[in-house]
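Below is one structure, written out as structure tokens; comments come after it.
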Amino acid sequence: MRIKILAATLMLSTLAGCSGNKDSTRNVTPPTETVKLNGYVGSTAENARVTAVELDYEGQPEREIDEDTGDTIFSGFFTFSSDTGRYEVTLDAEAEGLPVLVIATNENGEATEVCQRPAGCGDTAWQETLTLESDYQIRSAVGESAEGMRININWLTDLASTLATTVYIDVNGDGETETNKTGFYSEYSIELANLHIDELLNVSDVVSVIPVMPSDISQETELAGNLLT
């Protein structure tokens, strides 16, 4: 599939507190009608590539070949997170109401975050900025996407996304089970996994919660006790 980059100006709210984000698509023909998704990658991940990825008929994230590098990449619109981890990304309006994964990666090799380990992160000291690994990938999934939906991407949502995968796959799209394969998502498995994490950790909505970072624990906070826990 040919890759065509669509430049778009993002109209972010005051909450976003960022500028200069790019919104692009790897699709040949950009859709005429779109919806916007937004959220945060962790709370400090900057320059992470965030892609809104639809599921293929096998229930797996759609992928394609990057014609410039020859690498297999996630297919869909993408943007880059700001210095606060904020992102806003476009999704084809035809996908509204359908399952979607929002996946943060370090494909450009420039993604960074703040070290949250008191002992340091290798050569990076506590609360200093470190470059993320090239294979960095973290996900968030929703069973039904909607205009303006807040979808945060962090270790909680990545855990829920992992729980949302099943092993059934319909290879030919004819409704017959032919091969068992991991990595299959469905609207129902995604919703059940998100609800499971909500109940397990006593949070209201896993995809809208930003976990407290270690450096925040000793600070003044109005967050509920269960979030601090």
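The values are calculated or read from the model by the stated rules, or taken from the named source; none is laboratory data. Since this is a predicted model, take the numbers as computed values, not measurements. Every residue, glycine as well, gets a Cβ built from its backbone with ideal geometry; the counts of neighbours run over all protein chains shown. For the accessible areas, the whole protein counts, side chains as well, though only heavy atoms, and no ligand, DNA or RNA atoms are used. Shrake-Rupley method; radii C 1.70, N 1.55, O 1.52, S 1.80 Å.
Amide H contacts for S75 (H built 1.01 Å from N in the peptide plane; partners 5 or more residues away or on another chain; cut-off under 5 Å): E62, R63, E64. Taking all protein chains together and a 1.4 Å probe, the residues R49, R63 rank R63, R49 from largest to smallest accessible area.
Please list 197-203, 95-101, 78-84 highest first by mean number of surrounding beta-carbon atoms within 10 Å per residue. Working shown, then result.
Details: 197-203: 14.7, 95-101: 20.0, 78-84: 21.7.
Peptide ranking by packing, descending: 78-84, 95-101, 197-203.
Suppose accessible area is computed on protein heavy atoms with a 1.4 Å probe; arrange W126, W155 from highest to lowest.
Values: W126 85, W155 155 Å².
Greatest to least solvent exposure: W155, W126.
If you roll a 1.4 angstrom probe over the protein chains with everything in place, what fraction of the accessible area of region 76-136 belongs to carbon and sulfur, to the nearest %? Before the final figure, lay out each step's value.
Numbers: 1220 of 2820 Å².
In region 76-136, the share of accessible area belonging to carbon and sulfur is 43 percent.
Accessible-area rank, largest first, for R150, R139, R86: R150, R139, R86, with all protein chains present and a 1.4 angstrom probe. 3J(HN,Hα) along region 41-56, derived from phi through the Karplus expression 6.51 cos²θ - 1.76 cosθ + 1.60 where θ = phi - 60°, amounts to 8, x, 9, 9, 6, 10, 6, 6, 7, 10, 10, 8, 10, 7, 8, 7 Hz, with x in place of Gly and Pro. For region 105-117, the Karplus equation 6.51 cos²θ - 1.76 cosθ + 1.60, evaluated at θ = phi - 60°, returns couplings of 9, 10, 5, 8, x, 10, 6, 9, 8, 8, 5, 10, 9 Hz by residue, with Gly and Pro reported as x.
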